[in-house]
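The values are calculated or read from the model by the stated rules, or taken from the named source; none is laboratory data. Model, not experiment: these values are computed from the prediction. In this analysis, Cβ positions are derived from the backbone assuming ideal geometry, glycine residues included, and neighbour counts consider all displayed protein chains. Accessible surface is based on the protein model in full, side chains and every heavy atom, while ligands, DNA and RNA are left aside. Shrake-Rupley method; radii C 1.70, N 1.55, O 1.52, S 1.80 Å.
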Amino acid sequence: MDKSNDMARIAPVQYGLDSKFQFRCHSGVKCFTQCCRGINIILTPYDIILLKRRLQLSSEEFLAIYTQPRVLEKTDLPVVNLKLLDDEKESCPFVRDDGCLVYEDRPSACRYYPLGVAALAHKEGADDEGFYFFVNEPHCLGFEEKTIWTVREWRADQGVDVRDEINAEWTDLIVRKRSFPANIKLTERSKQLFFMVSYNIDQFRRFVFESSFLERYDVDPDTVERIRNDEIALLKFGLIWLKDILFDYKNFEVNEAAQTLSANASKA
């Protein structure tokens, strides 16, 4: 995708789940894989887990090889972009002329295309999940194909329903922080914890199981066993914990006895 003139390609129309559109992408379309060049893709926590698994890398290895850090606009939160190749077209590292090498595990942003999704400003108890818009790029010939979808059907077909459910707490954290006044900043430690839980699930596992975490918080044995063996469960657990750290949600019970013992030991 050409990164210039981005705003001109986004129609000022909001679409809902039952809105219809005409689109199909396949290898017979002349523009095939052009949308995989010059892209700007923010990776979600679930994107990282799927891609690192597929490539048989640790979180740290994947982050070092395939991502670039950035600060998300209007939130001051650290996120990562997919790192592009240093070639003429700034290509995705996983694209080839005949398609995507990691298609089954491609990022959520790729799955949504040509749709974009926007979340509204956070409001406690709000049931509005936001809206959708079209990223209609001049080179894209997929809109000339005859297949008709609703937004709901496209989401199900592309598998974003599952991914959005897994990333839901992460998205809520971002939307909530975006609704804060710009002068309210997170501490550096809070941002480090956000990054760890969001993107470095291997480090977060060590943080939970190789530190005093499970002494400081009352976590039931079934949950401990589940997050020990399931990265997705660990991610969801961590995102709920982040709500306590960033926004004082009180989801977790603090083990007061353990805290007192730790404090007394530090004074000895």
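The set of residues in the range 53-99 being farther than 30 Å from Pro181 by Cα, in contact with a Ser or Thr (Cβ under 8 Å, 6 or more places away or on another chain) and touching a residue at least 12 places away in the same chain (Cβ under 8 Å) consists of Lys83, Leu84, Val95, Arg96, Asp97, Asp98, Gly99. Residues that are under 21 Å from Val29 (Cβ atoms) and at pLDDT below 85 within the range 105-137 comprise Val135, Asn136, Glu137, listed in sequence order.
In the range 65-97, of all residues being outside any strand (DSSP E or B) and of a type in the set (A, V, I, L, M, F, W, C), the one that is farthest from Ile232 (Cα to Cα) corresponds to Leu85. Filtering the range 27-51 to residues that are in a loop (DSSP other than H, G, I, E, B), under 15 Å from Pro107 (Cα atoms) and of a type in the set (A, V, I, L, M, F, W, C) leaves Ile39, Ile41, Leu43. Restricted to the range 73-85, and to residues there that are open to solvent by 20 Å² or more (accessible area, probe 1.4 Å) and at pLDDT below 95, the residue that is nearest to Phe195 (Cα to Cα) is Asp76.
Checking the structure you have, find out if any residue of the range 52-64 is under 23 Å from Asp87 (Cα atoms), among the hydrophobic types (A, V, I, L, M, F, W, C), modelled with pLDDT of 95 or more and in a loop (DSSP other than H, G, I, E, B).
As a first pass, look at the range 52-64 and keep what is under 23 Å from Asp87 (Cα atoms): 55, 61-64.
After this cut, where a residue has to be among the hydrophobic types (A, V, I, L, M, F, W, C) as well, the list is 55, 62-64.
Of the ones still in play, those that are also modelled with pLDDT of 95 or more are 55, 62-64.
From the residues that got through so far, the ones that are in a loop (DSSP other than H, G, I, E, B) too are none.
No: zero hits.
Selection over the range 135-176 of residues that are polar (S, T, N, Q), more than 21 Å from Val13 (Cβ to Cβ) and open to solvent by 30 Å² or more (accessible area, probe 1.4 Å) gives a count of 1. Taken over the range 18-62, residues that are in contact with a strand residue (DSSP E or B) (Cβ under 7 Å, 6 or more places away or on another chain) and open to solvent by 20 Å² or more (accessible area, probe 1.4 Å) amount to 9.
Does Pro93 fit the bill of being touching a helix residue (DSSP H, G or I) at 6+ places or on another chain (Cβ under 8 Å), surrounded by fewer than 15 Cβ atoms within 10 Å (Cβ to Cβ) and modelled with pLDDT of 95 or more? In short, yes.
Table: residues versus (1) open to solvent by 40 Å² or more (accessible area, probe 1.4 Å); (2) at pLDDT below 95.
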site: Phe180; (1), (2): yes, yes
site: Phe195; (1), (2): yes, no
site: Gln203; (1), (2): yes, no
site: Val219; (1), (2): no, no
site: Thr223; (1), (2): no, no
site: Leu235; (1), (2): no, no
site: Gly238; (1), (2): no, no
site: Asp248; (1), (2): yes, yes
site: Ala268; (1), (2): yes, yes
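Before we move on, is Asn229 without any contact (Cβ under 8 Å) to a residue 40 or more places away in the chain, closer than 27 Å to Asp76 by Cβ and open to solvent by 20 Å² or more (accessible area, probe 1.4 Å)?
Working: without any contact (Cβ under 8 Å) to a residue 40 or more places away in the chain: yes; closer than 27 Å to Asp76 by Cβ: no; open to solvent by 20 Å² or more (accessible area, probe 1.4 Å): yes.
Against the criterion (without any contact (Cβ under 8 Å) to a residue 40 or more places away in the chain, closer than 27 Å to Asp76 by Cβ and open to solvent by 20 Å² or more (accessible area, probe 1.4 Å)), Asn229 does not qualify.
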